[in-house]
Amino acid sequence: MAKISESHPRRDSLLARQKLVDAAERGLLAESAMIAHGRGEAYDYLLGEQTTESSLLAIREVVARLRAAARPVISVNGNTVVLAGENLIRVAAVIQCPIEVNLYYRSPERVAGLLSLLSKQREEVRNKGAPEGYTGDWFDAVGSVRLMGAEEDGRIEGLLGPRSICSAEGIGSADTVLIPLEDGDRCEALIDLGKEVLVIDLNPLSRTSMMASVTIVDEVARASEALVRETITGQSGPTQWDNQRVLRDALDTMAGALERV
Ligand code: PTJ
C-alpha cells in the first residue's frame, strides 16, 4: 500500500478506500462494493463530510429505539464490517444485542470470512478497553455480543433466493433492526413484516432512506462513532419521528454545498 501522508487533505477517504481494497483482495466484499462506496463518497462530498445537526438527532432517535426494543439486532454487510465493524460491536456491547452478517450477494465463504473478521474485531474492542463514560464490565459486555449469520435457519418473507436467508433467532425474530447500507427491497420486506427499520445511508433519495423508520444520512464509519457516544451518554426515549424532515434537511445541506466552498 502506498504511504498516505498525515497531512493529506483526503487522508481519511484514502484510508477507507484502502481498507476496502484490502478486504476485496481477501474475498470479503461484493464485486460491486466499490461502486456502492463511490456513490456514497459522492453524496458525502456534497454533505461536507460532516455529521449534521439533523443526523445527530437521527442518531439519538436510533439509539433510543434500539434501547426501547425487545429484540434489537444490528445487521451488517461487507462494506459495513470493514468500515465500521469495531464501533458497531461497541454499540452492540452497550445495548446488549447481537450482530448478524446478512448479505445482499450472499456466499458461504463471504459469511464465514466476515464472521471471522468480526470475531477478531470483537477481541480488539475488548482489549482496547471501555469507551469514555462507560461504567459497566466492558470485558463481559463485549464478550457477550453474539455474532450471527451462519445459521441460515430463518427466511425474510417477501424476498426470493439467497437474499431472503437470515438467522431465525436474529433478524428473523427481531422487532428492531439497524441496517447500514441496506438495499431497498430488503428494507421494504422488513418494514412489511412490522419491524422497526433503522438505516445509515448517505443517499437521502434511496428507496431504503425513504422507507426506513429512521434514516441517519451520514457516512457509516462517522455515524458509528457518534452512535457509540450516544449509546453511552444518551438518556432520551423514542419520539414521534418525522423521517421526511431529516431527508429534506440532508438535501438542503447538499444543495448548499457551493456556499461552503
Ligand atoms: O456485502 P453485500 O453483499 O451485502 O453488498 C453490499 C453492497 C453495499 C455492495 C450492496 O448492498 C449494494 O449494492 O448496495 P447499493 O444498493 O449500492 O446501496 C448502497 C447505499 O449505501 C447507497 O445508497 C450509497 O449511497 C450508500 N453508501 C455507500 N457507502 C456508504 C454509504 N452510506 C453510508 N456510508 C458509506 N460509507
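The values are calculated or read from the model by the stated rules, or taken from the named source; none is laboratory data. No experiment lies behind these values; they were computed from the predicted model shown. Because the Cβ atoms are built from the backbone with ideal geometry, glycine has one as well, and the counts that use them run over all protein chains shown.
If G133 meets every condition in (1) buried (at least 17 other Cβ atoms within 10 Å of the Cβ); (2) on the phi > 0 side of the Ramachandran plot apart from one, which number is that one?
The failed condition is (1).
Being within 9 Å of the ligand (Cβ to nearest atom) and surrounded by fewer than 23 Cβ atoms within 10 Å (Cβ to Cβ) is the filter here, so list the residues in the range 183-203 that pass it.
Matches in the range 183-203: D183, G184, N203.
Only one of these is of a type in the set (A, V, I, L, M, F, W, C), closer than 25 Å to A257 by Cβ and buried (at least 16 other Cβ atoms within 10 Å of the Cβ): L28, L57. Name it. So that I can check it myself, show each step before the final result.
Details: L28 fails: closer than 25 Å to A257 by Cβ.
Answer to the check: L57.
Output the residues belonging to the range 229-255 that are outside any helix (DSSP H, G or I) and modelled with pLDDT of 95 or more. Steps first, please.
Of the residues in the range 229-255, the ones outside any helix (DSSP H, G or I) are 234-242.
Selection gives G237, P238, T239, Q240, W241, D242.
Please work out if V94 is of a type in the set (A, V, I, L, M), buried (at least 19 other Cβ atoms within 10 Å of the Cβ) and in contact with a helix residue (DSSP H, G or I) (Cβ under 6 Å, 6 or more places away or on another chain).
Details: of a type in the set (A, V, I, L, M): yes; buried (at least 19 other Cβ atoms within 10 Å of the Cβ): yes; in contact with a helix residue (DSSP H, G or I) (Cβ under 6 Å, 6 or more places away or on another chain): yes.
So V94 passes the test.
Using the structure shown, decide if G27 is within 14 Å of the ligand (Cβ to nearest atom), within 22 Å of C166 (Cα to Cα) and small (G, A, S).
Details: within 14 Å of the ligand (Cβ to nearest atom): yes; within 22 Å of C166 (Cα to Cα): yes; small (G, A, S): yes.
The answer is yes for G27.
Consider R60 against the criteria (1) in contact with a helix residue (DSSP H, G or I) (Cβ under 7 Å, 6 or more places away or on another chain); (2) over 23 Å from V214 (Cα atoms); (3) not small (G, A, S): it satisfies all of them except one. Which criterion is unmet?
Answer for R60: the failing condition is (2).
Against the condition within 28 Å of K195 (Cα to Cα) and either part of a strand (DSSP E or B) or not charged (D, E, K, R) (or both), how does L29 come out, does it pass?
On the way: within 28 Å of K195 (Cα to Cα): yes; either part of a strand (DSSP E or B) or not charged (D, E, K, R) (or both): yes.
The answer is yes for L29.
Looking at the range 164-183 only, could you name the residues that are within 15 Å of the chain's Cα centre (by Cα) and not hydroxyl-bearing (S, T, Y)?
Narrowing the range 164-183 to residues within 15 Å of the chain's Cα centre (by Cα): 171, 176-183.
Those that are within 15 Å of the chain's Cα centre (by Cα) and not hydroxyl-bearing (S, T, Y): I171, V177, L178, I179, P180, L181, E182, D183.
Which residues, taken from the range 192-222, are assigned to a helix (DSSP H, G or I) and of a type in the set (A, V, I, L, M, F, W, C)?
So the first thing to find is which residues in the range 192-222 are assigned to a helix (DSSP H, G or I), and the list is 192, 207-211, 220-222.
Once the filter is applied, which keeps residues that are assigned to a helix (DSSP H, G or I) and of a type in the set (A, V, I, L, M, F, W, C), the range 192-222 yields M210, M211, V220, A221.
Table: residues versus (1) in a helix (DSSP H, G or I); (2) aromatic (F, W, Y).
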position: C97; (1), (2): no, no
position: Y105; (1), (2): no, yes
position: E109; (1), (2): yes, no
position: A112; (1), (2): yes, no
position: S116; (1), (2): yes, no
position: F139; (1), (2): yes, yes
position: V142; (1), (2): yes, no
position: E152; (1), (2): no, no
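Pairs only if they're at least six apart or on different chains, beta carbon under 7 angstrom, first in the range 205-219 and under 18 Å from M254 (Cα atoms) and buried (at least 24 other Cβ atoms within 10 Å of the Cβ), second of a type in the set (D, E, K, R) and modelled with pLDDT of 95 or more; list them, first residue then second.
T215/D201; V217/D201; E219/D44
Of A189, A226, which residue is assigned to a helix (DSSP H, G or I), in contact with an Asp or Glu (Cβ under 8 Å, 6 or more places away or on another chain) and under 12 Å from V62 (Cβ atoms)?
On the way: A189 fails: under 12 Å from V62 (Cβ atoms).
Only one candidate passes the filter, namely A226.
Restricting the search to the range 239-257, which residues are surrounded by fewer than 18 Cβ atoms within 10 Å (Cβ to Cβ) and either farther than 28 Å from L15 by Cβ or out of contact with any helix residue (DSSP H, G or I) (no Cβ under 6 Å at 6 or more places or on another chain) (or both)?
The answer is T239, Q240, W241, D242, N243, Q244, R245, R248, L251, D252, A255, G256.
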